Each structure stands twice: as structure tokens, then as C-alpha cells.
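The numbers here are math on the coordinates, done by the rules we state, and not lab data. A quick note: this is a predicted structure, and the numbers were derived from the prediction, not measured. Heads up, the Cβs are rebuilt from the backbone with ideal geometry, glycines too, and the neighbour counts pull from every protein chain shown.
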Amino acid sequence: MSAKIAVVGSINMDLVFSTPRMPLPGETLMGHQFHQIHGGKGANQAVAAARAGGSVALLACVGNDVNGHSSLQALQSEGIDCQYVRNVDGMATGVAAILLDDLGQNSIVLAIGANALVSPVDVDSAQQMLSKSQIMLCQLETPLESVRHAVELAVRSGVQVVLNPAPAQALDDVLLAQVNYLVLNETEASMLTDIRVIDVLSAAEAASALQRRGVPVVIVTLGGEGIWVADIGSAYSLPAFKVNVVDTTAAGDTFVGALSVALAEGQVLRQACLFAQAAAACAVTKLGAQTSIPNRSAIERQLQ
Ligand code: ADP
Ligand code: NA
């Protein structure tokens, strides 16, 4: 039996424009290239979990439009159960307009569209699926009240909760105390605490502060520096795999998706973190988001 993972999250279409520089207000600028890529943190993490070997169901909303249909098709082709993805008439699927300039900087406008309509009622409709999963994985691109409702349902059903609090926003201690694993990067750790997280030392401090607010396990991802793991009764850092870095897009999403599968399989935390870092290392060696997420055999090769 493969690991049962439920993802409650977002689906977006990423519209990526590469441009010599950022346009000024009122200016029309000739860009270089355009790519349309499936994205959204929920969808990316669902794909990461499915490719890592999980049996994945996604709870989300898309519009009844071309982007929504194409996103659903892509997710279904990964073997992800999309029966809990609601198709909303008269609403656009979430879209991210991403400008990438020649200096490698990016500017993003996100129109969350149908993602804003994931409701507590949607969560209730998926109650059976959610309560039968081993791990429920959430981010913050869907309304907080729905995330909160899903977390409460998971806790009542004995389902372990992994929360990736991205994009970062203030969270109360009631919610934090219901989360089993909080996985966040330096920016998010800085926003959730009063600590400026820039290295292993400050990550350790932030993780302890979050544990004091009720989260049993906190994992801070530090890009090429690896991770800080604050477990119950022990804490340690693990270095990142040394790889040829091409594009770090979706590294965090890949980490969280793969971690959830390893935990659902019953791997101990240190081993699950190793598996997740191997997956994320694979993702940074390739261009793009969903295009760079590795499958199980690639992760196992990286682990050897
Ligand atoms: P996010 O994408 O959320 O900002 P990070 O940049 O912290 O997340 O990356 C998540 C994980 O991806 C890291 O903990 C690490 O395991 C892996 N990773 C990221 N950058 C690199 C890198 N340059 N080399 C190897 N692994 C990396
Ligand atoms: Na990538």
C-alpha cells in the first residue's frame, strides 16, 4: 500500500515572461520569451508527493476555463485524485504573471482567482477522503479559515498535519498547536517569529520559538545550506546534497511533498528529511517548477 497523502491547496497557471528589464509604469516593453507552466503551491506539492511514490488526492478550486481544464489534465496524468477539485463557473483559475529580467530578478503578480473559493464546506465534502489519509498537507494560498477547518478535521481523525506556511502570514497558537510538522524557509521563519533567520544559528532560535508556541516538529529549509530540524527532544542540522544548481524554483515544494510521503511510509524523521533533501536536490538541477520535480527512482539514485 502506498502512502495516502491529502493536499489542501492552490492551483495556478504560471505565465512566465523573460524580459531585458522590468517595465516602467505606462511602458510597453518587448520581452524575450514566454512560457506557460503549471504551478501553485498545492499543485506542485501534490505532484512532488505523487512522483515520490504517494497516493495523492487534492482538494482545490479552479475556474471553468482553459487554464483550469489544462491544470486538471496535468494533475490527472500524474495519477492524482482530482475528484475534490471544484470547478467554479464565472471565476478565473489562479494565475501568476512572472517577469524574469536579464539580471535574474523576478517580479510577480498573483491573481488567486478560484483559489479564494476553497471553503470549509468543500473541506466537509471531502471529509471521508481527508480522514482516511495518513498525512494532510496544507499551505497558505487557500483561505486560512478553510485550512483551519481542514486541520481541525485531520486532528479529530488522527491524521498527521504538515503545514508549509507560505506565503507567510501571522498564525495563532491554536492553529500552530494542531500542526505536527511545520516546514518553512528563512523568509517564512522570519515572518512567523521576531527573529531574522539568515543561517543555521538563527534558524535554530526561530524553530525553538515556534516549538514554544506548540508545534512539536519544526523544519527550517536553508536553501543550499540544507535544513535545521527541531524534533521532540533533539535538534540538528543536515547539509544539502552537493549538486549542480540550475534553478531553485519549486525546491521547497518538492521538499515538502517528498517529506510527507516518507513520513506516511513510517520513515523516522532524520531519514524522511534525507529523502526530502534528495528530492529537492534533484529539483534544483533542472529548470522550472513541475518540470523539475523528480520521480521515486531519481530520488533513490540521489540517495545512493
Ligand atoms: P524555498 O524554495 O521554499 O525557498 P529552500 O530554498 O530553502 O526552499 O530549499 C528547500 C530545500 O531544497 C533545501 O532545504 C535543500 O534541501 C534544497 N536546496 C535548495 N537549494 C539547494 C542547493 N543550492 N543545493 C542543494 N540543495 C538545495
Ligand atoms: Na527547478
**OP:** Could you list all residues from region 262-304 that are more than 13 Å from the chain's Cα centre (by Cα), among the β-branched types (Val, Ile, Thr) and more than 9 Å from ligand 1 (Cβ to nearest atom)?
**Re:** Val268, Thr291, Ile299
Subject >> Given (1) surrounded by fewer than 24 Cβ atoms within 10 Å (Cβ to Cβ); (2) touching a residue at least 40 places away in the same chain (Cβ under 8 Å); (3) near ligand 1 (Cβ under 10 Å from one of its atoms); (4) within 20 Å of Pro167 (Cβ to Cβ), number of the condition Phe241 does not satisfy >> reply: (4)
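Take the residues in region 17-56 that are part of a strand (DSSP E or B), closer than 30 Å to Ser119 by Cβ and in contact (Cβ under 8 Å) with a residue 24 or more places away in the chain, then tell me which one is nearest to the chain's Cα centre (by Cα).
Taking region 17-56 and keeping what is part of a strand (DSSP E or B), we get 17-19, 33-39, 55-56.
The next check asks that each one be closer than 30 Å to Ser119 by Cβ; those that pass are 36-39, 55-56.
Filter once more, keeping what is in contact (Cβ under 8 Å) with a residue 24 or more places away in the chain: 37-39, 55-56.
Values: Ile37: 16, His38: 14, Gly39: 10, Ser55: 17, Val56: 14 Å.
Looking at the filtered set, the residue picked out is Gly39.
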Original post:
If you scan region 268-303, which residues turn out to be of a type in the set (Val, Ile, Thr) and surrounded by 20 or more Cβ atoms within 10 Å (Cβ to Cβ)?
Top reply: Val284, Ile293, Ile299
Original post:
Is it the case that some residue within region 62-70 is under 30 Å from Ala298 (Cα atoms) and small (Gly, Ala, Ser)?
Top reply: yes
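Residue under question is Ser297, and the condition is that it be in contact (Cβ under 8 Å) with a residue 24 or more places away in the chain, more than 14 Å from ligand 2 (Cβ to nearest atom) and polar (S, T, N, Q); does it hold? Lay out the reasoning, then the answer.
Working: in contact (Cβ under 8 Å) with a residue 24 or more places away in the chain: no; more than 14 Å from ligand 2 (Cβ to nearest atom): yes; polar (S, T, N, Q): yes.
Answer is no for this residue.
Which ranges mark the strands (runs of 3 or more DSSP E) fully within region 190-293 that have 1 or more residues being within 16 Å of ligand 2 (Cβ to nearest atom) and either under 24 Å from Ile11 (Cβ atoms) or touching a strand residue (DSSP E or B) at 6+ places or on another chain (Cβ under 8 Å) (or both)? Lay out the reasoning, then the answer.
Numbers: elements: 217-221, 227-230, 235-238.
Of the strands (runs of 3 or more DSSP E) lying wholly inside region 190-293, those with at least 1 residues that are within 16 Å of ligand 2 (Cβ to nearest atom) and either under 24 Å from Ile11 (Cβ atoms) or touching a strand residue (DSSP E or B) at 6+ places or on another chain (Cβ under 8 Å) (or both) span 217-221.
What strands (runs of 3 or more DSSP E) completely inside region 75-146 contain at least 3 residues that are touching a residue at least 40 places away in the same chain (Cβ under 8 Å)?
Working: elements: 85-88, 94-101, 106-111, 135-138.
Per the criteria, 94-101, 135-138.
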Subject >> Complete set of residues in region 1-55 that are under 16 Å from Ala289 (Cβ atoms) and either loosely packed, with under 14 Cβ neighbours inside 10 Å or aromatic (Phe, Trp, Tyr) (or both) >> reply: Phe17, Phe34, Gln36
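Being in contact with a helix residue (DSSP H, G or I) (Cβ under 7 Å, 6 or more places away or on another chain) and farther than 20 Å from Val159 by Cβ is the requirement here; does Ala189 meet it?
Numbers: in contact with a helix residue (DSSP H, G or I) (Cβ under 7 Å, 6 or more places away or on another chain): yes; farther than 20 Å from Val159 by Cβ: yes.
For Ala189, the condition - in contact with a helix residue (DSSP H, G or I) (Cβ under 7 Å, 6 or more places away or on another chain) and farther than 20 Å from Val159 by Cβ - is met.
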